[in-house]
Amino acid sequence: MSEGFVFGPVDAVGDEDAFQHAPCGYLILARDGTISRANAVVEQWTGQASSDLIGKRLPDLMRAAGRILHETHFAPLLKIQGFVKEIAFDLKGHDGRPIQVLVNAVERKDAHGEVVGTYVVMFPAVERRRYERTLVNAQDALEVELLSATETGALRDQFIAVLGHDLRNPLASISSASRMLAKEPVSDRARRVLDLMDGSVSRMAALIDDVLDFARGSLGSGIGITVQPEGALSMLIQQVVDELRAGNPNRLLEAEIDVSNVVECDAGRIGQLVSNLLGNALTHGATDQPVRLAATTTVADLEISVSNGGAAISQSAMDRLFQPFFRGDTGEKSLGLGLGLHIASEIANAHDGKLSVSSDETETRFTFRMPLLQTGRPQ
């Protein structure tokens, strides 16, 4: 049976007693989704006898918002994965008041794997919902406190660490559902919609990664890296360049890459640094001028520079450029969280290197330098 919980057939006397008097609501839905059985708890909650409930559908027991959630989330998710866990609904109580419940459901299948109905279990959720409201109120209060400059740092870091972590689960569900649908025969229009969903998921995943990197760096001792001798850094940098070219077909991105020496580094983090610098240049640089990347090694150092044309960065902005959440006067181009350059700077620091910037009316250039050998660093 699908993961989640096990709800066996109700036939024996003991099973019938457990079904009727359990401290939760039980429903058994037929193949067509109508209620075929309901226990005494559901009768008590709704004020309807079991005979009156039979033939109705689960949304018929819900308030308006619950019916919408059932059609847009509950039913599609149940169909895709065969089970649903802890979805919050408000039932229509016998006295007109909402009854807050958490609903679990799992499809019933015969010996041939065909779906013949659904088991539904509903747990009272008054205390949990009260606790959740308390958390929401606490979050609102926290946002007010974050306006105070003296308390912003530590509280904000903890908040975004939890937020970034918890966003991964629903994002993974959306990504999984999108991939499953992409394997089905769909129209050209639906295919375009799925491609847009996939792009949105990738962008959101990148934003979450930025948030988590920032939180780790702020709450710990900087961004962690795993250093290894890397002899194929040119290929990795070229791959990043190709990915940015594919994502920005209307922009000219020039690259000169000659990294011939072995570099002791975290290759993934170097790729992230390059991606952040290129993304920043494509976002803020003049659209009619190329973005240029140069990557070389000397006897002792690795140097990577990214430059773009456009207006010079003001000195006041230069002073804060690598600070987190700073985006300067970016106007409508402000699509990110203002963490890209900060994270790139932290990656440079983690490699005993430095990220610097120069800007005038001719070009803006970011330059990353680091030693080829990470002497004294534990491997």
Next item on the list: Please state which of the following conditions Leu78 fails to meet, knowing it meets all the rest: (1) in contact with a strand residue (DSSP E or B) (Cβ under 7 Å, 6 or more places away or on another chain); (2) free of Cβ contacts under 8 Å to residues at least 24 places away in the same chain; (3) assigned to a helix (DSSP H, G or I); (4) aliphatic (A, V, I, L, M).
Entry: (2)
Notebook entry, point to check: Has region 329-339 got at least one residue that is assigned to a helix (DSSP H, G or I), in the same structural domain as Leu253 (by TED's automatic domain parsing), modelled with pLDDT under 85 and in contact with a helix residue (DSSP H, G or I) (Cβ under 8 Å, 6 or more places away or on another chain)?
Noted result: yes
Next item on the list: State whether one or more residues within region 214-222 are at negative phi, at pLDDT 70 or above and touching a helix residue (DSSP H, G or I) at 6+ places or on another chain (Cβ under 6 Å).
Entry: no
Note to self: I'd like the residue in region 88-119 that is closer than 26 Å to Ala65 by Cβ and without any contact (Cβ under 8 Å) to a residue 12 or more places away in the chain and, out of all such residues, is farthest from the chain's Cα centre (by Cα).
What the structure shows: Gly96
Note to self: Between Ala75, Ala40, Ala64, which is of a type in the set (A, V, I, L, M, F, W, C), over 30 Å from Ile174 (Cα atoms), surrounded by fewer than 19 Cβ atoms within 10 Å (Cβ to Cβ) and not assigned by TED's automatic domain parsing to the domain that holds Ser178?
What the structure shows: Ala40
Item checked: Options Phe325, Phe366; residue that is of a type outside the set (A, V, I, L, M), in the same structural domain as Leu282 (by TED's automatic domain parsing), at pLDDT 90 or above and out of contact with any Phe, Trp or Tyr (no Cβ under 7 Å at 6 or more places or on another chain) -> Phe366
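The rows are residues; the columns are (1) touching a residue at least 24 places away in the same chain (Cβ under 8 Å); (2) in contact with a Pro (Cβ under 6 Å, 6 or more places away or on another chain); (3) among the basic types (Lys, Arg).
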| residue | (1), (2), (3) |
| --- | --- |
| Glu254 | yes, yes, no |
| Asn261 | yes, no, no |
| Glu264 | yes, yes, no |
| Gln272 | yes, no, no |
| Ala281 | yes, no, no |
| Gly285 | yes, no, no |
| Asp288 | no, no, no |
| Val291 | yes, no, no |
| Ala311 | yes, no, no |
Check: Just checking, how many residues over region 81-126 are out of contact with any Asp or Glu (no Cβ under 9 Å at 6 or more places or on another chain), β-branched (Val, Ile, Thr) and in a strand (DSSP E or B)?
Finding: 4
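The values are calculated or read from the model by the stated rules, or taken from the named source; none is laboratory data. As the structure is a prediction and not an experimental result, all values here were calculated from the model. Here Cβ is always computed from backbone atoms with ideal geometry, including for glycine, and neighbour counts include all displayed protein chains.
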